[in-house]
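Novice: Below are the structure tokens for one structure; questions will follow.
The numbers here are math on the coordinates, done by the rules we state, and not lab data. Predicted model, so just to flag it, every value in this text is computed and none were measured. Methodologically, a virtual Cβ is constructed for each residue, glycine included, from the backbone with ideal geometry; neighbour enumeration extends over all protein chains shown.
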Amino acid sequence: MFESCKIYSFRDVSIDYSKIKTIKIGFIENKARIVNPQLSPMLTDKLQQKITNQTKLIRTNNDDAHLQLSGYISDYSVTTTGVSAQQAATNRLTITLQLNLKNTVENTDKDFTVSRSFDFSANLSLDQAQISLQDEILRNLTDEIFNHIFSNW
């Protein structure tokens, strides 16, 4: 009766721990035209925490780490996305990161881009929007980077 049922398992992280043991996470610098001074240190810290908490990799500052992640914020911009009664109703904050992952074990070097947009009411100033969106921004960007590096979907 239950012969056709199968159990599927999904792994969130795909790392060969027999080969890959260490990671160096560089500071994610902000090179965008608009600079949110809190974003770089908070994003770097949140990413380090996520990798430490969800993998068995050992964080190091050594240049011989098996994985070496570096990058920068290349775009931090606001555009109007919604208009009501000839006034801006919704604005969109777009954040783009340029990242590089070097794998010293397999001798590979991969560049990739992560970009996310966050909508907010046009009644808010950029400073107010940054404060209200801060947790969502950090969580989404960190998850996107993490998934790009470690998940095989």
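Novice: List the pair-distance distribution P(r) of the chain, using every Cα-Cα distance, as the percent of pairs falling in each 10 Å bin from 0 up to the bin containing the longest distance, rounded to whole percents.
Specialist: For the chain, the binned pair fractions read 10, 35, 27, 16, 9, 3, 0 percent.
Novice: Then there's this: Please compare each pair in Lys21/Lys46; Lys24/Lys102; Lys31/Lys102; Lys19/Lys102; Lys46/Lys110 to a cut-off of 18 Å on the Cα-Cα distance and tell me which ones are over it.
Specialist: Working: Lys21/Lys46 20 Å; Lys24/Lys102 10 Å; Lys31/Lys102 21 Å; Lys19/Lys102 14 Å; Lys46/Lys110 22 Å.
Beyond 18 Å: Lys21/Lys46; Lys31/Lys102; Lys46/Lys110.
Novice: Report the full-extension gain for the segment Ser115 to His148: residue separation times 0.36 nm, less the Cα-Cα distance, to one decimal in nm. Walk me through the numbers before you get to the answer.
Specialist: Values: separation 33, 0.36 × 33 = 11.88 nm, distance 1.19 nm.
Result: 10.7 nm gained on full extension.
Novice: Follow-up question, since we're still on this one. Could you calculate the FRET efficiency of Asn107 with Tyr17 from 1/(1 + (r/R0)^6), where r is the beta carbon distance between them and R0 is 22 Å, rounded to 0.05? Before the final figure, lay out the partial values.
Specialist: On the way: r = 19 Å, r/R0 = 0.85.
Working from the Cβ atoms, E equals 0.70.
Novice: Please determine, in degrees from 0 to 90 and to the nearest 10, the orientation of helix 126-150 with respect to the longest principal axis defined by the Cα atoms of the chain, where the helix direction is its Cα long axis.
Specialist: Helix 126-150 and the main axis of the chain meet at about 20 degrees.
Novice: Run lengths n ≥ 4 of DSSP H only: what is the helix-derived mean residue ellipticity at 222 nm for the chain, with -39500 (n - 2.57) per run over all residues, to the nearest 500? Before the final figure, lay out each step's value.
Specialist: Details: 2 runs with 41 residues, N = 153.
-9500 deg cm²/dmol, from helical runs alone.
Novice: Between helix 39-54 and the chain, what is the angle of the helix's C-alpha long axis to the longest principal axis, kept within 0 to 90° and rounded to the nearest 10?
Specialist: 30 degrees
Novice: OK, next. Just need the relative contact order of region 23-138 here, percent rounded to a whole number, with Cα pairs under 8 Å and 6+ apart.
Specialist: For region 23-138, the relative contact order is 23 percent.
Novice: A further question follows. How much length, in nm to one decimal, is gained on full extension between Glu29 and Ser77, taken as 0.36 nm per residue of separation minus their Cα-Cα distance? The partial results should precede the final answer.
Specialist: Numbers: separation 48, 0.36 × 48 = 17.28 nm, distance 1.59 nm.
Extending this stretch completely gives an extra 15.7 nm.
Novice: Let me ask something else. Multiplying the sequence separation of Gln48 and Asn62 by 0.36 nm and subtracting their Cα-Cα distance, what value in nm do you get? The partial results should precede the final answer.
Specialist: Details: separation 14, 0.36 × 14 = 5.04 nm, distance 1.50 nm.
3.5 nm is the gain from fully extending Gln48 to Asn62.
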